[in-house]
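Right, one structure below, let's go through it.
Read-outs throughout are calculated quantities, based only on the coordinates presented, and are distinct from any laboratory measurement. Everything quoted here is computed from the prediction, not taken from an experiment. Here the Cβ positions follow ideal geometry from the backbone for every residue, glycine too, while neighbour counts run over all protein chains shown.
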Amino acid sequence: MAGLSIPGVGSGFPVQQFVDATVDAERVPKENAIKRKQSNVDVQISAYASIKKELDAFQKSLKDLTAKDAFQTRSVALSTEGFLTSKVDKNAVAGSYDISVVTLAKADKVGSGYLADGVSSKDNIGAGSLTLGMGGKAFTVNIDAEKSSLADIAQAINQADDNTGVRATVVTDDLGSRLVLFGDKTGTENKIEINAGAGDFGDIFATGQLDNIQPAVDAVIKVDGATVTRGSNEISDVIAGVTLNLDKVSTTDDPSITLTIANDKKSVTENLKSFVESYNKIVGTTKKLSSYDAENKKAGPLNGDSLLRAISTQLRDAMGEQVEGASSSLKSLSDLGITTKRDGTLEIDNKILDNHIANNFDGIGRLFDGDSGLANKLDTMLEGFTGRGGTITTKKESLDLQAGKFTQQRLDLDERMGKFELRVMKQFNAMDSMIANMNNQMNTMMSMLMPLQS
C-alpha cells in the first residue's frame, strides 16, 4: 500500500515511514504466529511421511513372505550339463534322481523318388492327388497340371488348411531333385503315411520309390534304472512337478546325470533378512522422530506423540507373539532365531535360522503364511496404520487440512492489513494537513508581527 499519498506534503512529516512502522507492528506478530504454527504442521507432515515410507517398505517385505508360492518354490540342479535341461514347479518333491538319456525322439522323414533325368524341380510333372497322414490323421492335396512342379507340390502341402503336421521341401543332391516330407512331431506314433492317387506324378510316390531318410524314434531314458519311453524329447509325466527336455544321448563315459530338487531356500533366506532389515528401519526412524536431546534441549518432531508410541508398541508386541496353527517347534520369531535386542531392533541367529531352513522349511511357511500367520497378521495391522482410513492416513489428512487453513489465514491477514493501512494512512494524512495549516497560520502571524518589532 506504500505510495498511497505523498508523505508530508504540507509539513514535511515522514508519513509513509510512520505508516509502514505502524502496519508492521500490527502485522509481524500475527504473521510470525501463523508461520510458527505452519512450520510445526509441516514438520509433522514430513515426520509422518518418513515413518509411513518405512511402514510401506516393511509391508512389502511381508508380501514377499505371503506370495502365492513363497514357500513352495523349488530349485533344480544337474550334476552334468549338456544332456538335458529341466524345470520344476511347486508340486516337485525335494530329492535326487539318476537319469540317463538312451535315445532322443526323432521325427519321421521320408523322401520321394527322384525326378527323371532332364526334369528339373521347376518343371510341371502332371496333375494328381496326394493323401498324407500322421498320428492317425490324414489330409489330401489336389495338384493341378499347370502347377505341379516339386516346389508347387511342397507349397500345396504346407499351405493345406487341414494339414495334420506334415511339412514338405525340395532337396536337390547329386542324384537329382526330390520331395522330402517330415513331421512336426516326434515319436513312432507320428510316422508319415503317403498315398498317391492316380496321376502323372504318382510314380515318384510309389512304394518302391520312397526312401525312409530318418525313421520316427521314441525317446528312451532311464530314471533310477527304470526305463521310460515317450514320443517327445519334452517329458513332464515321469517325475511329479518336473519337466525334462532331452538334448543329447548319454555316453558310456557319462552313464547318468543326477538331478537334484530342493526347496528354494536362498530366496526365503533373503526375504527373511529383508523382513528384519525393514523392521529395524522402522525402529530407527521411530527413535529419531520421538527423541529428545537433553544436552541441547532439542526434541524430535514427534517427541511425546501418542500415535507414534502406539504404532511402536503394537509392532513390538507382534514380534513376540506365538502363532496358532504353526509347527510345534516353530511358533514364534524367537524359535526361528529372530529375537529383539535391548534397543528394540531385531537380530538373526543365523545358525538357528539355517537349521530350520534346512530341516523345517514347511514350518517356516506355516509361521508366516495362512490367515493366522505372522505375516498376514502384521499386514492387517499395517493396513490399519497406512491404508485407507488408517490412523496415519487420517492424521495426515488432518494436518493437510490445517496447512490449508494457514494459507487462508495469510490471505485474511493480508486483507485486514490492507484495510488497516488505509485507515492509518488517512489518519496520518489528516495529521499532516492539520500541521500544515497550523504552520501556515503561524507564518501569517509571524509576518504580521515583524513590522511591529522594527
Checklist entry - Can you give me the Cα centroid spacing of the range 212-240 and the range 104-167 in angstrom? => result 30 Å
Item to check | Check: the chain dipole with +1 on Lys, Arg Cβ and -1 on Asp, Glu Cβ, in debye | outcome: 3100 debye
Checklist outcome for this item: Residues Arg388, Arg423 in order from fewest to most other beta-carbon atoms within 10 Å are Arg388, Arg423
Checklist entry - Hey, what do the phi angles of the range 106-123 turn into as Karplus ³J(HN,Hα) couplings, whole Hz, using 6.51/-1.76/1.60 and θ = phi - 60°, x for Gly and Pro? => result 10, 8, 5, 9, 10, x, 6, x, 6, 5, 5, 4, x, 9, 9, 5, 8, 7
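Could you tell me the relative contact order of the range 107-214? Use alpha-carbon pairs under 8 Å, at least six residues apart, and round to a whole percent. Write out the running numbers ahead of the final one.
Details: 246 pairs, mean separation 45.4, N = 108.
After rounding, I find 42 percent.
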Checklist outcome for this item: With -39,500 (n - 2.57) per DSSP H segment of 4 or more residues and division by the full residue count of the chain, the 222 nm estimate, nearest 500 deg cm²/dmol, is -15000 deg cm²/dmol
Checklist entry - With a ≥ b ≥ c the root eigenvalues of the C-alpha gyration tensor of the chain, is it rounded (a/c under 1.5), prolate (a/b larger than b/c) or oblate? => result oblate
Checklist outcome for this item: Stretched fully, the stretch from Asp56 through Glu234 gains (0.36 nm per residue minus C-alpha distance, one decimal, in nm) 59.7 nm
Checklist outcome for this item: If R0 = 25 Å, then Gln314 and Glu277, at their Cβ-Cβ distance, give a FRET efficiency to the nearest 0.05 of 0.80
Next on the checklist: Quick check: Cα centre of the range 15-59 to Cα centre of the range 267-298, how many Å?
Outcome noted: 28 Å
Checklist entry - Distance in nm between label sites at Ser328 and Leu175, each 7 Å beyond Cα in the beta-carbon direction? => result 7.5 nm
Next on the checklist: Please compute the contact order of the range 141-294 in relative form: average sequence separation of alpha-carbon pairs under 8 Å and at least six residues apart, divided by the residue count, as a percent.
Outcome noted: 11 percent
Checklist outcome for this item: Expected unfolding gain across Thr131-Ala116 under the 0.36 nm per residue rule, minus the alpha-carbon gap, is 3.2 nm
Checklist outcome for this item: Counting only backbone N atoms under 15 Å from a point 7 Å out along Cα-to-Cβ of Thr140, the residues of the range 151-165 in range are 161-163
Next on the checklist: How far apart, in nanometres, would the label points at Val43 and Ala299 be if each is projected 7 angstrom from Cα along the Cα-to-Cβ direction?
Outcome noted: 0.9 nm
Checklist entry - Which whole-Hz couplings ³J(HN,Hα) result when phi for each residue of the range 161-166 is put into the Karplus expression 6.51 cos²θ - 1.76 cosθ + 1.60, θ = phi - 60°, listed in order with x for Gly and Pro? => result 4, 9, 3, 9, x, 9
Checklist outcome for this item: Quick calc, the range 25-159, dipole around Cα centre from Cβ unit charges on Lys, Arg (+) and Asp, Glu (-), nearest 20 debye, gives 1240 debye
Checklist entry - If you take the charge dipole of the chain about its Cα centre, with +1 on Lys and Arg Cβ and -1 on Asp and Glu Cβ, which of Ile153, Gln402, Ser329 is farthest toward its positive end? => result Gln402
Item to check | Gained length - Ala33 relative to Gln209, 0.36 nm times residue gap less alpha-carbon distance | outcome: 52.8 nm
Checklist entry - For the residue pair Ser447 and Gln408, what label-to-label distance in nm results when each label sits 7 Å from Cα along the Cα-to-beta-carbon direction? => result 6.0 nm
Item to check | Per-residue Cβ neighbour rank within 10 angstrom, fewest leading, Tyr97, Tyr279 | outcome: Tyr97, Tyr279
Next on the checklist: Could you work out the relative contact order of the chain? I mean the mean sequence separation of Cα pairs under 8 Å and 6+ apart, divided by the number of residues, in percent.
Outcome noted: 23 percent
Next on the checklist: Rounded to the nearest 20 debye, what is the charge dipole size of the range 107-214 about its Cα centre when +1 sits on each Lys and Arg Cβ and -1 on each Asp and Glu Cβ?
Outcome noted: 280 debye
